[in-house]
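The next block holds one structure in the form of structure tokens; read it before the comments.
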Amino acid sequence: MLIFSIISCISFTIYLTLGIIIFRIKPSSPLHRNFAYFCFCFALWAFTSFYLSYTQNQSHHTFFIKLEYTAALIYEIFILRFFIFLTERFKSNRKRRLFFGLIMVIPAVFIYQNWVYNSIYTSFPAGFWYVGLHILANSYNIISVVLLILWSRKSTLNRVKMEVRIIISSGLFTILITILGDYIAGFLKVPTPTPALTLLWIAGLFYVILKYRMLEISPYTVTMEILNSIDDIVVLFNPDGSINWFNKTGDAFFYKVLSEEPHLLDLFGHKHQENSLVDDIMQDRRQIARFRFPFRLGSMTTVYDVVLEQVKDSFDDNMGYLMRVNRVKSINSLQIFYKLTRREVEVIQLLITGLTYAEISSELDISENTVKSHITNFYNKLGINNKIELMNAINHIETGQNGE
């Protein structure tokens, strides 16, 4: 019994620690919360096994037997909820809540019978409530397996298919040995080894988390901290072009530039050249695109360097698109050194992105003659005669800045 107590104690520690780790990654996520909840249920289950392995008090024994079965029943609810969220089976919140309500009804009946009449323990080995508990638990397990299989078939990602194979294979093996373990423990009148045996399945699940980043474990947190600390705007788009995430600099940028989060194809307005590059990347015709684009911040237009690239995993699946945006700082240097006006800077920024005089006029809501006048003024200030010399001056400043 000493060995069993030690194993139960280790199981309790592992479940509790894993639940806390996953919960802290993203407390607002239902997926992470339900993972943590079923880990906590297993921790409670392991604790009851540990206590039952050495207690001699009959009243304590009965209480912890009831608590053990309660933890097992609640675990089955949360593990099924976890797989519902993981496989995104129900898009409608209403359908999801209805399903969650239904899967709680039968366990609630068993929990009531367990606490009032101790029916599960007293009906071992072939009584209705004991056998019913195993039928209920394995029915929920089978539903989870079916959800995973359907998710795997629907997904085009090789990563998902590998995750499902590992989870199902380790899960089915664990179900088999825990059923045998329960009955053997019942006949020997010792606590069930199920919490300890289930560590085999948890090991498979944890391997998937670490190997394939299923729940975005610690590397995710570290990456977010790094991305949030840099000055560049970093935006991650989903494969369908919708925004998945942006860093703190990006949050401020979108708040100033746009009233709502745009789709990737809508971000650059009606600029044909930029949208053509974006479309090429989304259609897998190119992996990366670099260009300059003028964004309007309040009443002023500012040019940014944009790098957009497709992100693929080790299975060559498209994970989405990463966009890095940073302000063209060389123009600020020009403005300070040559005492350019704000309007002259705006004209320069639009000119170097390839806009014609007419397009600049339309963008800034000024006449073409005014555009030409501004161009003449800053050409004179810089001591240059044409756009090529302007680009050379900007490139010279950028080269100097990069070399510092």
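Derivation of every value follows stated rules applied to the coordinates shown; laboratory data play no part. As the structure is a prediction and not an experimental result, all values here were calculated from the model. For neighbour counting, all protein chains shown are included, and Cβ atoms are generated from backbone atoms with ideal geometry for every residue, glycine included.
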Quiz item: If you find the alpha carbon centre of segment 70-98 and of segment 1-39, how far apart are they in angstrom?
Solution: 18 Å
Self-check item: Overall form of segment 130-212 per C-alpha gyration tensor (a/c, 1.5; a/b vs b/c)
Solution: oblate
Quiz item: Which of (1) 38, 23, 21; (2) 41, 23, 19; (3) 64, 20, 17 is the computed semi-axes √(5λ) of the Cα gyration tensor in Å for the structure on display?
Solution: (3)
Quiz item: Relative contact order, percent, of the chain when contacts are C-alpha pairs under 8 Å separated by at least 6 residues?
Solution: 10 percent
Quiz item: Can you give the charge dipole size of segment 328-404 about its Cα centre, rounded to the nearest 20 debye, using +1 on the beta carbon of Lys and Arg and -1 on the beta carbon of Asp and Glu?
Solution: 240 debye
Self-check item: Of Tyr357, Phe293, Asn138, farthest towards positive along the dipole that unit charges on Lys, Arg, Asp, Glu beta carbons give the chain
Solution: Asn138
Quiz prompt | Value at 222 nm in deg cm²/dmol, rounded to 500, when DSSP H runs of n ≥ 4 in the chain each add -39,500 (n - 2.57) | solution = -22500 deg cm²/dmol
Quiz item: Taking the Cα centre of the chain as origin and charging only Cβ (+1 Lys, Arg; -1 Asp, Glu), how large is the dipole, in debye to the nearest 20?
Solution: 860 debye
Exercise. Within the set of other residues whose C-beta is less than 15 Å from the C-beta of Thr48, count the net charge using Lys and Arg as +1 and Asp and Glu as -1.
Key: -1
Quiz item: Taking a threshold of 25 Å on the Cα-Cα distance, which of the pairs Lys248/Lys387; Lys95/Lys248; Lys66/Lys95; Lys95/Lys211; Lys26/Lys211; Lys329/Lys387 fall above it?
Solution: Lys248/Lys387; Lys95/Lys248; Lys66/Lys95; Lys95/Lys211
Quiz item: When the Cα centres of segment 307-382 and segment 113-192 are compared, how far apart do they sit, in Å?
Solution: 61 Å
